[in-house]
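K.L.:
One structure is given below, represented as structure tokens, and several questions about it will come after.
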Amino acid sequence: MEDSSRPVLYATVFSDYICPFCFIGDLRLEHLRDHYDLKINWRLVEIHPETPATGMPVARLGYDAARWQQMMASLGRLAKEEGVSLAGHDFTTNSRRALLLAEAAKDEGSELFYRLHRRLFEAFFVDDLNIGEETVLTGLAAECGLPREVVQRAWSDDRYAGRLRQHLAAAAQYQVRATPTVFFGEQQRLDGALPPEAFLAAARAGHADQQRAGR
């Protein structure tokens with residue numbers, strides 16, 4: 001249901017639950033709901049398909065040590081700005097099962113989807129849980145009220161894997177090179193967890209584009 005007290009704003013977001021900057025970007029998108037009735041098309045993409053679900057040290061991702069330290073220092077500042085306390089995170093995991101679960105949750109309505117969506121980010125980055133493991137994901141799904149049959153369908157029905165393939169193809173089409181990448185309409189694009197004022201400026205420009213297009 002649309003909120004008539006705020007103008008509708010359409011967005012497309014390329015994101016992954018194991019991407020720390022996607023977590024920050026998600027929090028910054030939430031601030032926009034104070035200004036807009038935000039309608040997001042979540043394009044969930046697996047950024048490290050080579051990673052085992054059992055997890056592995058982040059050092060094995062191949063980042064230069066100095067670059068990694070710089071990224072983590074930046075992440076710490078961003079998290080502090082959002083009032084989030086991140087766990088001492090030194091491992092990564094395979095996100096495919098989490099992404100499939102989120103895709104299945106979409107079919108159960110926005111309330112259940114967003115409950116799971118936010119919990120997946122928090123579980124990985126705040127609670128330091130391995131969201132690549134089936135038992136962890138099953139527990140999180142139950143915690144969020146997602147029916148057991150939906151969980152089973154997420155990992156057995158190929159339509160959800162098909163959606164991930166579509167998202168990956170869309171990422172290639174729009175030359176998405178990093179996550180998060182946010183589009184407001186076709187023209188307004190944000191790459192990364194930029195400052196809140198950048199999100200708001202792009203949202204305003206995107207809404208103006210919508211109005212000119214008659215949406």
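The values are calculated or read from the model by the stated rules, or taken from the named source; none is laboratory data. In this text, all values refer to a predicted model and were calculated from it rather than measured experimentally. Cβ sites come from the backbone with ideal geometry, for glycine too, and all protein chains shown count toward neighbours.
K.L.:
Which residues, taken from region 49-73, are at pLDDT 85 or above, surrounded by 13 or more Cβ atoms within 10 Å (Cβ to Cβ) and either of a type outside the set (G, A, S) or touching a strand residue (DSSP E or B) at 6+ places or on another chain (Cβ under 8 Å) (or both)? Please lay out each step first, then the result.
P.N.:
As a first pass, look at region 49-73 and keep what is at pLDDT 85 or above: 49-57, 73.
Okay, now just the ones that are also surrounded by 13 or more Cβ atoms within 10 Å (Cβ to Cβ), so 51, 53, 55-56.
Within region 49-73, T51, G55, M56 qualify.
K.L.:
Next question. Quick test of your reading of the structure: R189 fulfils all but one of (1) touching a strand residue (DSSP E or B) at 6+ places or on another chain (Cβ under 9 Å); (2) touching a residue at least 24 places away in the same chain (Cβ under 8 Å); (3) crowded, with 16+ Cβ neighbours inside 10 Å. Name the failing condition by number.
P.N.:
Among (1) touching a strand residue (DSSP E or B) at 6+ places or on another chain (Cβ under 9 Å); (2) touching a residue at least 24 places away in the same chain (Cβ under 8 Å); (3) crowded, with 16+ Cβ neighbours inside 10 Å, the lone unmet condition for R189 is (2).
K.L.:
Next question, about the same structure. Quick check, is M56 more than 19 Å from F184 (Cβ to Cβ), touching a Ser or Thr at 6+ places or on another chain (Cβ under 7 Å) and among the hydrophobic types (A, V, I, L, M, F, W, C)?
P.N.:
Details: more than 19 Å from F184 (Cβ to Cβ): yes; touching a Ser or Thr at 6+ places or on another chain (Cβ under 7 Å): yes; among the hydrophobic types (A, V, I, L, M, F, W, C): yes.
Judged against the criteria, M56 is a match.
K.L.:
Further question on the same structure: Among the residues that make up region 31-48, is at least one of them assigned to a helix (DSSP H, G or I), out of contact with any strand residue (DSSP E or B) (no Cβ under 7 Å at 6 or more places or on another chain) and under 22 Å from E186 (Cα atoms)?
P.N.:
The initial filter retains those residues of region 31-48 that are assigned to a helix (DSSP H, G or I), namely 31-34.
Filter once more, keeping what is out of contact with any strand residue (DSSP E or B) (no Cβ under 7 Å at 6 or more places or on another chain): 31, 33-34.
Add one more test, that the residue is under 22 Å from E186 (Cα atoms), and what stays is 31, 33.
The answer is yes; a qualifying residue exists.
K.L.:
Give just the number: which of (1) buried (at least 23 other Cβ atoms within 10 Å of the Cβ); (2) at pLDDT below 95; (3) among the aliphatic types (A, V, I, L, M) does L44 not satisfy?
P.N.:
Exception for L44: condition (2).
K.L.:
Taking R96, is it touching a Pro at 6+ places or on another chain (Cβ under 8 Å), closer than 25 Å to M71 by Cβ and of a type in the set (K, R)?
P.N.:
Values: touching a Pro at 6+ places or on another chain (Cβ under 8 Å): yes; closer than 25 Å to M71 by Cβ: yes; of a type in the set (K, R): yes.
Answer is yes for this residue.
K.L.:
Those residues that are free of Cβ contacts under 8 Å to residues at least 60 places away in the same chain and of a type in the set (A, V, I, L, M), I need them from region 9-37; list them, please.
P.N.:
L27
K.L.:
Can you tell me which residue among A98, A169 is under 30 Å from Q188 (Cα atoms) and either of a type in the set (F, W, Y) or surrounded by fewer than 16 Cβ atoms within 10 Å (Cβ to Cβ) (or both)?
P.N.:
Numbers: A98 fails: either of a type in the set (F, W, Y) or surrounded by fewer than 16 Cβ atoms within 10 Å (Cβ to Cβ) (or both).
Residue meeting the stated conditions: A169.
K.L.:
Residue by residue through region 52-88, note down the ones that are part of a loop (DSSP other than H, G, I, E, B), over 18 Å from the mean Cα position of the chain (by Cα) and not small (G, A, S).
P.N.:
P52, T54, Y63, D64
K.L.:
On to the next question. Given (1) in contact (Cβ under 8 Å) with a residue 40 or more places away in the chain; (2) exposed (fewer than 12 other Cβ atoms within 10 Å of the Cβ); (3) not hydroxyl-bearing (S, T, Y), identify the lone condition not met by G109.
P.N.:
Among (1) in contact (Cβ under 8 Å) with a residue 40 or more places away in the chain; (2) exposed (fewer than 12 other Cβ atoms within 10 Å of the Cβ); (3) not hydroxyl-bearing (S, T, Y), the lone unmet condition for G109 is (1).
Conditions (1) hydroxyl-bearing (S, T, Y); (2) more than 23 Å from P196 (Cβ to Cβ); (3) without any contact (Cβ under 8 Å) to a residue 40 or more places away in the chain; (4) in contact with a strand residue (DSSP E or B) (Cβ under 6 Å, 6 or more places away or on another chain), marked per residue:
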site: L86; (1), (2), (3), (4): no, no, no, no
site: L101; (1), (2), (3), (4): no, yes, no, no
site: R118; (1), (2), (3), (4): no, no, no, no
site: F125; (1), (2), (3), (4): no, no, no, no
site: V136; (1), (2), (3), (4): no, yes, yes, no
site: C144; (1), (2), (3), (4): no, yes, yes, no
site: R148; (1), (2), (3), (4): no, yes, yes, no
site: D157; (1), (2), (3), (4): no, yes, no, no
site: Q166; (1), (2), (3), (4): no, yes, yes, no
